[in-house]
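**Q** Pasting a structure here, questions to come.
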Amino acid sequence: ATYSINAKLIDVSGNASAASTSIAITVDTTAPSAPAIAFATDNIGVFTGTLASGTRSDDTNLAVRVSLAATGAVAGDSIRLYSGATLLGTAVVLSRLDITNGHVTVATGVLTDATHALNAAVTDIAGNASANSANFTVTVDTVAPNAPTVASVTDDVGTITEIGRAHV
């Protein structure tokens with residue numbers, strides 16, 4: 001709702017001044033709609049590129065593409081990225097270019113080796129927060145498996161030849 005507000009000064013005798021110039025004030029209680037996580041990008045390690053939800057990565061600092069389509073977000077609003085309910089880093093303030101592009105890329109900051117349910121929310125400049133996006137799941141795995149142990153080797157095919165001698 002928008003309100004037009006002005007003021008008058010009234011002294012103790014009841015004499016009133018002329019009204020001040022009015023100013024318009026808009027009270028915003030409507031939250032933006034939830035954003036969506038389109039994909040994440042793995043920029044290091046053996047396998048790099050675009051990640052879909054449910055995949056694995058060896059990158060502990062992913063670049064997450066958050067779609068702003070149909071959120072109603074405007075420049076000055078902010079995006080917060082979470083792993084579950086834990087805020088990752090700080091809010092990213094949206095620019096006009098982000099709005100024009102229809103997305104913003106947000107870095108996760110350092111993630112631990114674990115499965116992360118990433119989600120995002122938009123908060124408008126009045127402080128109204130959207131619902132969180134659907135979870136985008138990625139498993140960060142930077143630890144190589146232990147070396148295997150060879151317990152025995154069995155050769156059960158053919159004849160073994162050793163410097164001109166055959167073994168049967």
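**Q** Provide a single number: the residues in region 63-86 that are open to solvent by 70 Å² or more (accessible area, probe 1.4 Å), touching a Leu at 6+ places or on another chain (Cβ under 9 Å) and closer than 16 Å to VAL138 by Cα.
**A** Number of matching residues: 0.
**Q** Now a separate question. Have a look at THR105, THR60, THR90, THR112 and point out the one that is more than 28 Å from PRO32 (Cβ to Cβ) and either modelled with pLDDT under 95 or open to solvent by 70 Å² or more (accessible area, probe 1.4 Å) (or both).
**A** Result of the check over THR105, THR60, THR90, THR112: THR112.
**Q** Next question. From the set of residues in region 47-57 that are small (Gly, Ala, Ser) and touching a residue at least 60 places away in the same chain (Cβ under 8 Å), which is surrounded by the most Cβ atoms within 10 Å (Cβ to Cβ)?
**A** So the first thing to find is which residues in region 47-57 are small (Gly, Ala, Ser), and the list is 49, 52-54, 57.
Of the ones still in play, those that are also touching a residue at least 60 places away in the same chain (Cβ under 8 Å) are 53-54, 57.
On the way: SER53: 15, GLY54: 10, SER57: 23.
Out of the qualifying residues, it is SER57.
**Q** Kindly establish whether THR29 is open to solvent by 60 Å² or more (accessible area, probe 1.4 Å) and in contact (Cβ under 8 Å) with a residue 40 or more places away in the chain.
**A** yes
**Q** When both residues are 6+ apart or on different chains and their Cβ atoms are under 8 Å apart, which pairs have a first residue that lies in region 117-143 and is farther than 15 Å from LEU81 by Cβ, and a second that is assigned to a strand (DSSP E or B) and open to solvent by 30 Å² or more (accessible area, probe 1.4 Å)?
**A** The qualifying pairs are THR139/THR55; THR139/ARG56; THR139/ALA114; THR139/THR115; ASP141/ARG56.
**Q** Here is a follow-up. Scan (1) farther than 30 Å from GLY45 by Cβ; (2) surrounded by 10 or more Cβ atoms within 10 Å (Cβ to Cβ) for the single condition VAL138 breaks and write down its number.
**A** Tallying (1) farther than 30 Å from GLY45 by Cβ; (2) surrounded by 10 or more Cβ atoms within 10 Å (Cβ to Cβ), VAL138 fails exactly one: (1).
**Q** Considering only region 64-86, I want to know if a residue exists there that is within 20 Å of ALA126 (Cα to Cα) and touching a Lys or Arg at 6+ places or on another chain (Cβ under 7 Å).
**A** The answer is yes, given that some residue of region 64-86 is within 20 Å of ALA126 (Cα to Cα) and touching a Lys or Arg at 6+ places or on another chain (Cβ under 7 Å).
**Q** Looking only at region 4-33, which residues are under 30 Å from ALA70 (Cβ atoms) and outside any loop (DSSP other than H, G, I, E, B)? Lay out the reasoning, then the answer.
**A** Taking region 4-33 as the starting set, the residues that turn out to be under 30 Å from ALA70 (Cβ atoms) are 24-33.
Within region 4-33, ALA24, ILE25, THR26 qualify.
**Q** Quick test for you: out of PHE39, PHE47, pick the one residue that is of a type in the set (Phe, Trp, Tyr) and more than 20 Å from GLY109 (Cβ to Cβ).
**A** PHE47
The values are calculated or read from the model by the stated rules, or taken from the named source; none is laboratory data. Note that the coordinates shown come from a computational prediction; the quantities given were computed from them, not determined experimentally. Glycine also receives a Cβ, built like all others from the backbone with ideal geometry; neighbour counts cover every protein chain displayed. Each accessible area value is taken on the protein alone, full model and side chains, heavy atoms only, with ligands, DNA and RNA left out. Shrake-Rupley method; radii C 1.70, N 1.55, O 1.52, S 1.80 Å.
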